[in-house]
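One structure is given below, encoded as structure tokens.
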Amino acid sequence: RPTATMGEALEASPQAPLAVLSKVELRVSCKHLLDRDTLNKSDPCVLLLMQSQGQWMEVDRSEVIKSNLNPVFAKIFTVDYYFEEVQKLRFEVYDSHGHAEVGTHDDDFLGGMECTVGQIVAQKRVTKPLFLKYGKFAGKSTITVISEEISGNNGYVELAFRAKKLDDKDLFSKSDPFLEIYRIDDDRSEQLVYRTEVVKNNLSPIWEPFKVSLNSLCSCEEKRKLRCVVWDYDSRGKHDFIGEFFTTFEEMQKAMGENKVQWDCMNPKYKIKKRNYKNSGVVVLLDLKIHRVYSFLDYIMGGCQIHFTVAIDFTASNGDPRNSCSLHYINPYQPNEYLKALVAVGEICQDYDSDKKFSALGFGARIPPKYEVSHDFAINFNPDNDECEGIQGVVESYQSCLPKIQLYGPTNVAPIISKVARVAADEERTKEASQYFILLILTDGVVTDMADTREAIVRASYLPMSIIIVGVGNADFTDMQILDGDDGVLRSPKGEPVLRDIVQFVPFREFKNASPTALAKCVLAEVPKQVVEYYSYKAFPPRCPQTDTPDSNLSSPQ
């Protein structure tokens, strides 16, 4: 069973892409856990499992929190994050009995929950009910998972604290102090940001320096209040309160360079009771270093939505949909290549779009009522709203529109690129990193309007959008490779270069015998880089995440 020590991630499996896009920190807390112990309360511990080739593998586990049905775990789970994959996670909560192997008995199981890494990072905070075996609710138990991004050079801060002359809480030895930092959110709730190690038998401890993301520490707001608490550690979980102080990241920044900042560590009870009470010690911030570089996840966690549009080629070269040789043939037992490509890419994108509505367009067909050729029609035939409910809604609209249209031609894609670009241009005017557009074009041949398409792509490269083209069928797609700027810079007919490479082209036949996830990995792998390039060029920072959003309840397991 692979486990990772604290702060380490498992080695990537051989088939994983070489570059880890980011690492994500997951913080876990539970409420209303079942009480399995007769004398005390349960001693909960969380196991994190990840699905690998259909098998659940344990990745890591939290500490055990003694006698607590509403635990907030200090353990931070670190997982490698890939935008282009569906990464399934399972959290299992057990009542631990000391050194015995966790999870050996069913009666120690307090409940489990499944979700994807994509869902957690897109929603930032996920609260779901815990389930026992066979889909039974574990009473009113819930689990909350909060995600923060960490990466080598992401916006983070390095802090080094020490304390002096802390109160002595122990009779026969000195206090064993540790420090906790809490972020106070807009709803006045407190989120544990960091818990230091315990320094034994020392009233003037120097704690190890540590790094936290700026997002985690203060939600990008330098004036947000932070509460720092010093405790004397107790092995039975009944830690003694030494004192606390309040500060902000703005105040902490005075500790840069040679300067130090210090705070009186106060015990409010002593302040009331003792006339000459000054403090219960002093906490000093010895050093602070800030590093700011934005990443794809900064934008996603800042609330940037990814809007997904699919455009389907309905030209006559696909063959009559009633004929089993047609690329548009609907086989009840086997989805055609259009559907396979659509579902593979759409399933990834849907985790990043809160309303789960996708625009679905067609081109190259004669459409009712007048049967005139259209190169940008809504496949649900609603000209005012081309959005479908979820990937399934797109699939259903596709299947129901086939009998109503006449496949025709030519293969013009510039109108659809321009249509999505108009929406993206409206978005750009907000000057916020709030929505990015992905256009998936599925086509069976080389485009006819190559000059117009090149012009449209150059214009689109200045907007918050990326284009993925999947070639379906066995046509010669050599000329399509021009659009994918990997072999050189794509230029408009007048010679103007693209601002950034936004097109990815792949022939579906290269993935015919691979799993659908392989296609999604290939075509989506470039998107995070394209998103960051666009917002960096525009100098749009990520929006600040909303810390007071209500808990999102993902659907429960089937």
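The values are calculated or read from the model by the stated rules, or taken from the named source; none is laboratory data. Every value quoted in this text rests on a predicted model; they were computed, and no experiment measured them. Using ideal geometry, Cβ is built from the backbone for each residue, glycine included, and neighbour counts are taken over all protein chains shown. Protein only, heavy atoms only, side chains kept; ligands, DNA and RNA dropped before computing areas. Shrake-Rupley method; radii C 1.70, N 1.55, O 1.52, S 1.80 Å.
Quick look at the numbers
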quantity	calculated
Criterion (modelled with pLDDT under 90, outside the structural domain of Thr430 (by the TED database), open to solvent by 30 Å² or more (accessible area, probe 1.4 Å) and small (Gly, Ala, Ser)) met by exactly one of Ser555, Ser515	Ser555
Yes/no for Leu361 being closer than 15 Å to Val472 by Cβ, under 31 Å from the mean Cα position of the chain (by Cα) and surrounded by 21 or more Cβ atoms within 10 Å (Cβ to Cβ)	no
Residue satisfying all of: in segment 179-234; out of contact with any helix residue (DSSP H, G or I) (no Cβ under 9 Å at 6 or more places or on another chain), of a type in the set (A, V, I, L, M) and assigned to a strand (DSSP E or B); surrounded by the most Cβ atoms within 10 Å (Cβ to Cβ) among these	Val230
Residues of segment 435-454 satisfying the condition of being open to solvent by 20 Å² or more (accessible area, probe 1.4 Å) and either more than 23 Å from Ala475 (Cβ to Cβ) or small (Gly, Ala, Ser) (or both)	Gln435, Ala451
Subset tally (residues that are open to solvent by 60 Å² or more (accessible area, probe 1.4 Å) and either under 38 Å from the mean Cα position of the chain (by Cα) or not assigned by the TED database to the domain that holds Ala518 (or both)) for segment 319-329	1
Flag for Ala344 being over 19 Å from the mean Cα position of the chain (by Cα) and either crowded, with 17+ Cβ neighbours inside 10 Å or of a type in the set (Val, Ile, Thr) (or both)	no
Matching residues in segment 249-282 - criterion: being among the hydroxyl-bearing types (Ser, Thr, Tyr) and either surrounded by fewer than 15 Cβ atoms within 10 Å (Cβ to Cβ) or not assigned by the TED database to the domain that holds Phe161 (or both)	Tyr270, Tyr277
Hey, Lys133 open to solvent by 30 Å² or more (accessible area, probe 1.4 Å), in contact (Cβ under 8 Å) with a residue 12 or more places away in the chain and under 30 Å from Leu286 (Cβ atoms) or not	no
Sole exception among (1) part of a loop (DSSP other than H, G, I, E, B); (2) crowded, with 20+ Cβ neighbours inside 10 Å for Cys544, by number	(2)
Test: residue in segment 456-478 that is outside any helix (DSSP H, G or I), in contact with a strand residue (DSSP E or B) (Cβ under 9 Å, 6 or more places away or on another chain) and charged (D, E, K, R)	no
Qualifying residue in segment 204-226 (condition: touching a residue at least 12 places away in the same chain (Cβ under 8 Å) and farther than 21 Å from Ile290 by Cα)	yes
Cross-chain or 6+ apart pairs with Cβ under 6 Å, segment 39-60 first and within 20 Å of Tyr82 (Cβ to Cβ) and among the polar types (S, T, N, Q), then open to solvent by 10 Å² or more (accessible area, probe 1.4 Å) and modelled with pLDDT of 90 or more	Gln51/Lys88
Output for segment 235-258, where each listed residue is among the charged types (D, E, K, R) and outside any strand (DSSP E or B)	Arg236, Lys238, Glu250, Glu251, Lys254, Glu258
Leading residue by the ranking (nearest to Cys349 (Cα to Cα)) among those in segment 119-164 that are aromatic (Phe, Trp, Tyr) and modelled with pLDDT of 90 or more	Phe131
Top-ranked residue in segment 347-358 [being farther than 15 Å from Gly393 by Cα and not hydrophobic (A, V, I, L, M, F, W, C); ranked as most open to solvent (accessible area, probe 1.4 Å)]	Ser354
Any chance Asn276 is part of a loop (DSSP other than H, G, I, E, B) and touching a Ser or Thr at 6+ places or on another chain (Cβ under 9 Å)	no
Filtered residue count, segment 298-318, keeping only those that are touching a Lys or Arg at 6+ places or on another chain (Cβ under 6 Å) and open to solvent by 10 Å² or more (accessible area, probe 1.4 Å)	1
Test: residue in segment 149-160 that is touching a strand residue (DSSP E or B) at 6+ places or on another chain (Cβ under 6 Å), of a type in the set (Phe, Trp, Tyr) and either in the same structural domain as Thr247 (by the TED database) or open to solvent by 10 Å² or more (accessible area, probe 1.4 Å) (or both)	yes
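For every residue, the table says whether it meets (1) within 18 Å of Cys544 (Cβ to Cβ); (2) under 33 Å from the mean Cα position of the chain (by Cα); (3) of a type in the set (A, V, I, L, M).
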{"position": "Pro205", "(1), (2), (3)": "no, no, no"}
{"position": "Ser213", "(1), (2), (3)": "yes, yes, no"}
{"position": "Leu217", "(1), (2), (3)": "yes, yes, yes"}
{"position": "Lys238", "(1), (2), (3)": "no, no, no"}
{"position": "Phe241", "(1), (2), (3)": "no, no, no"}
